[in-house]
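Asker: If you scroll down you'll find the structure; I have some questions about it.
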Amino acid sequence: MTGLACLELYKLLAKKPLDAFKNGFVNLALPFFGFSTPIKAIGNVVNLPNGEWEWTLWDRIEIDDPELTLQGFIKYFDERFGLDASMISHGVSILHSFFASRQKTQQRLPLTMKRLVELVSKKPVPDDVKYLTFEVCASDADGEDVELPTIRVRVN
């Protein structure tokens, strides 16, 4: 199996097209050797003010700023994508939403993303955790929902 995986790695390094790759399944008990061609990941197309953007399940948005506040996070989506981040969550915790009280929102805006997660989840983020992942529900200027990939923010 390792040899088959290494052959696929060579194809990846040589930048071969997708149809050159093979999924290999080996079961020595039967004996059975099966090969299949992988399919392209399904893409999501998002219409942004600066054009179309296509992303797949394998993509993510990375932000390398440990001091990023909730206010900066919201501003990032407005400036980079022209989107309104109406709801931000981490795991099962909703960190920001359009339906939250104004007082709660104002209290949370200056907090760093790490501190915000700790506050809402009531659990400390371990020191060995370098990144936190977030899900964002966003809408464009017309109020239409826009699907985004997972957002990964460096916190340590």
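The values are calculated or read from the model by the stated rules, or taken from the named source; none is laboratory data. Because the structure is a prediction, the values reported are computed rather than measured. Here the Cβ is made from the backbone with ideal geometry for all residues, glycine too, and neighbour counts use every protein chain on show.
Asker: What are the pairs, 6+ residues apart or on separate chains, where a residue within the range 55-70 that is closer than 8 Å to Thr112 by Cα has its Cβ under 7 Å from a residue that is of a type in the set (S, T, N, Q) and outside any loop (DSSP other than H, G, I, E, B)?
Answerer: Glu67/Thr112; Leu68/Thr112; Thr69/Thr112
Asker: Within the range 63-73, take every residue that is assigned to a helix (DSSP H, G or I) and not hydrophobic (A, V, I, L, M, F, W, C) and give me the one that is farthest from the chain's Cα centre (by Cα).
Answerer: Gln71
Asker: Just the residues that are touching a residue at least 12 places away in the same chain (Cβ under 8 Å) and farther than 24 Å from Arg60 by Cα, please, taken from the range 86-136.
Answerer: Once the filter is applied, which keeps residues that are touching a residue at least 12 places away in the same chain (Cβ under 8 Å) and farther than 24 Å from Arg60 by Cα, the range 86-136 yields Arg108, Pro110.
Listed here are the residues, each with its yes/no results for (1) more than 18 Å from the chain's Cα centre (by Cα); (2) surrounded by 10 or more Cβ atoms within 10 Å (Cβ to Cβ); (3) in a helix (DSSP H, G or I).
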| position | (1), (2), (3) |
| --- | --- |
| Gly3 | yes, no, yes |
| Lys11 | yes, yes, yes |
| Ala29 | yes, no, no |
| Phe33 | yes, yes, no |
| Ala41 | no, yes, no |
| Asn44 | no, yes, no |
| Trp53 | no, yes, no |
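Let's see how each residue does on (1) among the basic types (Lys, Arg); (2) assigned to a strand (DSSP E or B); (3) not assigned by TED's automatic domain parsing to the domain that holds Asn23:
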| position | (1), (2), (3) |
| --- | --- |
| Ile61 | no, yes, yes |
| Lys75 | yes, no, yes |
| Met87 | no, yes, yes |
| His96 | no, yes, yes |
| Thr105 | no, no, yes |
| Leu119 | no, no, yes |
| Val125 | no, no, yes |
| Ala138 | no, yes, yes |
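Asker: Note down all Cβ pairs under 8 Å where the first residue falls in the range 1-26 and is of a type in the set (Val, Ile, Thr), the second is outside any helix (DSSP H, G or I), and they're at least six residues apart or on different chains.
Answerer: Final answer for the pair search is Val26/Met1; Val26/Phe32; Val26/Phe33; Val26/Gly34.
Quick grid of which residues meet (1) within 30 Å of Leu4 (Cβ to Cβ); (2) touching a Lys or Arg at 6+ places or on another chain (Cβ under 9 Å); (3) among the polar types (S, T, N, Q); (4) modelled with pLDDT of 90 or more:
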position	(1), (2), (3), (4)
Asn44	no, no, yes, yes
Asp78	no, no, no, yes
Leu83	no, no, no, yes
Val117	no, yes, no, yes
Val120	no, yes, no, yes
Pro124	no, no, no, yes
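Asker: For the range 95-143: of the residues being over 15 Å from Lys75 (Cα atoms) and touching a Pro at 6+ places or on another chain (Cβ under 8 Å), which is surrounded by the fewest Cβ atoms within 10 Å (Cβ to Cβ)?
Answerer: Ranking the candidates gives Glu118 first.
Asker: What do you reckon, is Val153 closer than 14 Å to Gly91 by Cβ, part of a loop (DSSP other than H, G, I, E, B) and hydrophobic (A, V, I, L, M, F, W, C)?
Answerer: It is false that Val153 is closer than 14 Å to Gly91 by Cβ, part of a loop (DSSP other than H, G, I, E, B) and hydrophobic (A, V, I, L, M, F, W, C).
Asker: β-branched (Val, Ile, Thr) and surrounded by 14 or more Cβ atoms within 10 Å (Cβ to Cβ): is that true of Val92 in this structure?
Answerer: No: the conditions fail for Val92.
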